[in-house]
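J.: Okay, here's the structure, questions in a sec.
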Amino acid sequence: MKKSAILLTTLALMLAACNDTTTTDTTTEAGEATTETTETTTETTESTTEGAAEGTTAAGGGSKTGKDTLVIQESADIPTLDPGTTYDTQSGLFVKNMYETLLTYSGTSLTELEGVLATEWEGNEDGTEYRFTLRENVPFHSGNIMTCADAEYTFQRNLVTNTADSGNWFIAESLLGTGANANDDDTITWERIDNAVQCDGETLVFTLPKADPAFLSKLAYYGQAIVDSQHAIEIGEWDGTGDTWKDAVGVDITGSPLAQDPSGTGAYRLVSNDANTISMEAFEDYWGGAPSIKNVVRQLVPEESSRIQAFLSGDADLVEFPSREVVETQVAGQPGVEIYDNITNLGAYGFTMNQQLEGSTNIGSGTWGDGIPTNFFQDENMRKCFVYAFDAPTYIAQVQRGKGEQLNVLLPKSFLGYDDSIEPQQFDLAQAEEFCQAAHDGAAWENGFTLNAAYREGSKSMQTALEILKQNIEAMNPKFKVNLVGKQWSDIIDATNKEAMVYVGWAPDYADPDNFIHTFYHTDGYYAPRGGLSDPELDALIDEARSTIDEDRRVELYSQIAQYTKDKAYFIHIPTGLGINAYHTNLEGYGAEFDNPLFGTYWKDMSKTQ
């Protein structure tokens with residue numbers, strides 16, 4: 001989501017990750033979003049939009065866009081419509097409605113998979129081969145009929161291109177044993193790619209180098225949606241052969257021919273796409289039946305007040321709201337408006353405490369007093385001092401307006417392996433002081449320190465969290481000082497920029513605990529260079545959990561990981577905020593019973609009464 005994320009917000013990379021978290025992609029979360037590039041959620045501490053609620057609401061409270069049309073207004077642009085490089089929430093909103101994957105999650109579940117373009121599938125006992133029976137007579141928007149060759153082309157194209165801006169690294173990990181492309185890993189050959197995905201008649205066969213318990217969940221990601229290979233090749237995409245594959249390795253396909261002229265099997269097809277408006281229409285030959293809503297119009301509206309007014313006047317059906325405060329104070333209670341609250345947030349957030357600060361330019365003098373030594377956070381007592389000094393209840397009250405919950409490990413509660421029996425981190429200033437006094441054999445307490453903590457400039461939720469921590473740290477000892485440093489996001493997420501402390505987060509690419517645990521805690525994970533975390537004992541637990549297909553053993557291992565990382569105090573956990581959104585009462589098929597926490601709601605399942 002890598003979307004992923006250092007707040008990535010991905011990751012919403014952030015996380016990057018990174019892939020993003022909500023009911024729909026316009027949901028407002030109570031806390032910070034997971035990634036700068038993939039999420040549309042915002043902080044609750046942003047100021048309320050003045051004058052947004054002035055004016056009248058639509059007659060009867062419903063929207064006035066027409067029974068057959070859905071109008072959506074959001075503030076972010078759409079980077080691509082090519083599923084092969086889609087790795088952000090905004091692009092995903094369109095890709096998931098134009099294209100379809102082999103599998104998806106059933107209803108609101110994050111554990112039960114069901115077939116979409118696949119009708120049956122089976123794996124061998126050791127988890128290294130999967131065979132898929134594909135749905136027959138499924139038309140693409142071009143009129144071509146989907147065959148196994150289209151699925152084979154799709155996955156081989158993703159393995160060949162596999163750019164840093166895509167989510168193909170995690171499918172490459174499964175099928176090739178590495179997340180890299182052939183430009184970065186010279187052991188990758190066409191033979192390996194070709195053998196990984198094959199058609200046995202009209203049966204699609206995946207061959208994995210080793211078991212990956214997350215493999216099926218990865219296939220549900222919209223970036224693995226099946227493309228129309230005949231159409232793609234005709235308009236100038238890679239021809240799908242071993243003769244030309246090297247020319248396509250790592251090529252940026254953000255603005256590819258397929259992004260300009262998409263052809264999927266989904267319920268909606270592209271009509272037009274310009275800088276401010278994307279128009280879609282129902283695909284009348286859709287194999288699942290023609291949708292009730294015939295037209296979808298997505299408008300780019302950067303101004304918060306304009307989006308809110310469009311919603312209240314009925315000129316838009318769904319909009320991106322800037323904050324929980326705006327929804328609660330300006331939108332809730334208006335005629336014909338329904339509030340969808342307590343929306344599951346699948347992000348995980350925290351502060352790094354960098355244990356590898358050699359060469360950092362962000363540690364002041366590099367010694368006690370007017371800086372910190374490079375081994376500052378290598379001391380477990382020092383990390384625990386900061387963990388116990390963070391006042392999560394105050395953060396929930398001030399930033400999340402009471403709608404937040406603390407985690408015991410950086411993993412969503414709804415994911416496999418989250419152990420509720422383990423208590424989350426606690427706020428306890430007396431404990432914090434004891435750990436600070438013990439840190440570095442008393443040197444920290446005696447000499448004091450000056451710590452620089454970075455946050456994304458303009459992010460009030462990040463800044464507020466650090467202000468809470470700063471206040472409590474400095475109150476313990478007059479020799480303790482924490483400087484809050486606002487920086488551009490590109491500087492913060494630069495792996496060569498060693499920050500002592502920085503806000504991080506991740507939104508899931510796929511619904512498996514490995515997507516969070518490996519990302520945050522493994523030496524080879526996304527955050528390793530940003531947090532200086534390298535623990536061989538922890539790596540061994542994570543490696544076993546990501547390689548066994550024994551679900552009970554995985555649950556046991558993730559419980560051990562949660563307790564271990566809590567005891568080691570590797571991150572300061574930031575509470576996860578619950579989301580909120582508003583919609584008109586004339587919009588059906590939207591709300592808690594229709595919303596999948598990972599993928600949201602599909603337009604084809606919606607209808608309007610007027």
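The values are calculated or read from the model by the stated rules, or taken from the named source; none is laboratory data. As the structure is a computational prediction, the values presented were derived from the model and not from experiment. Counting neighbours? That spans all protein chains shown, and the Cβs are built from the backbone with ideal geometry, glycine included. In case anyone asks, the SASA skips ligands and DNA or RNA and just uses the protein heavy atoms, side chains included. Shrake-Rupley method; radii C 1.70, N 1.55, O 1.52, S 1.80 Å.
J.: Any chance you could run the full-extension gain for Ala290 through Asp77? It's 0.36 nm times the residue separation minus the Cα-Cα distance, nm to one decimal.
T.: 73.9 nm
J.: Also, I was wondering about something else. Which loop-located trypsin sites (Lys or Arg not before Pro) does the stretch 130-226 contain, where loop means any DSSP state but H, G, I, E or B and the Cβ has at most 14 other Cβ atoms within 10 Å?
T.: Sparse-neighbourhood loop trypsin sites (Lys or Arg not before Pro): Lys210.
J.: Round to a whole number: what % of the accessible area of the stretch 117-263 belongs to carbon and sulfur, probe 1.4 Å?
T.: 42
J.: Here is a further query. Which listed residue (Ala182, Thr101, Asn124) has the Cα farthest towards the positive end of the charge dipole for the stretch 99-259, taking +1 on Lys and Arg C-beta and -1 on Asp and Glu C-beta about the Cα centre?
T.: Thr101
J.: Still on this structure, I have one more. Across 10 Å bins from the origin, how do the percents of Cα pairs in the chain run, short distances first?
T.: Binned Cα distances yield the sequence 3, 17, 27, 25, 17, 8, 2, 0.
J.: Tell me which GluC sites (Glu not before Pro) from the stretch 134-180 have a DSSP coil assignment and no more than 12 other beta carbons within 10 Å of their own.
T.: Glu136
J.: Please give me the summed charge of the neighbours of Asn144: other residues whose Cβ is under 10 Å from its Cβ, Lys and Arg +1, Asp and Glu -1.
T.: Taking every Cβ under 10 Å from that of Asn144, the sum is -3.
J.: Which length gain, in nm to one decimal place, applies between Ile339 and Val485 when the Cα-Cα distance is subtracted from 0.36 nm times their residue separation?
T.: Here the answer is 48.9 nm.
J.: With unit charges on the beta carbons (Lys and Arg positive, Asp and Glu negative) and the dipole taken about the Cα centre of the chain, which residue among Ile308, His573, Thr277 sits farthest to the positive side?
T.: Result: Ile308, furthest along the dipole toward the positive end.
J.: For the charge dipole of the stretch 348-577, defined by +1 on Lys and Arg C-beta atoms and -1 on Asp and Glu C-beta atoms about the Cα centroid, which residue among Phe520, Ser360, Gln425 has the Cα displaced farthest towards the positive pole?
T.: The Cα lying farthest towards the positive end belongs to Ser360.
J.: Solvent-accessible area per residue for the chain at a 1.4 Å probe radius, Å²?
T.: 35
J.: Where nothing but the Cβ of Lys and Arg (+1) and of Asp and Glu (-1) is charged, how large is the charge dipole of the chain around its Cα centre, in debye to the nearest 20?
T.: In total the dipole reaches around 1340 debye.
J.: Can you give me the % of accessible surface on the stretch 438-583 that is carbon or sulfur? Probe 1.4 Å, all protein chains present, nothing else counted.
T.: The computed percentage sits at 44.
J.: Can you tell me the order of 226-234, 272-280 when each peptide is scored by its average per-residue count of other Cβ atoms within 10 angstrom, highest first?
T.: 226-234, 272-280
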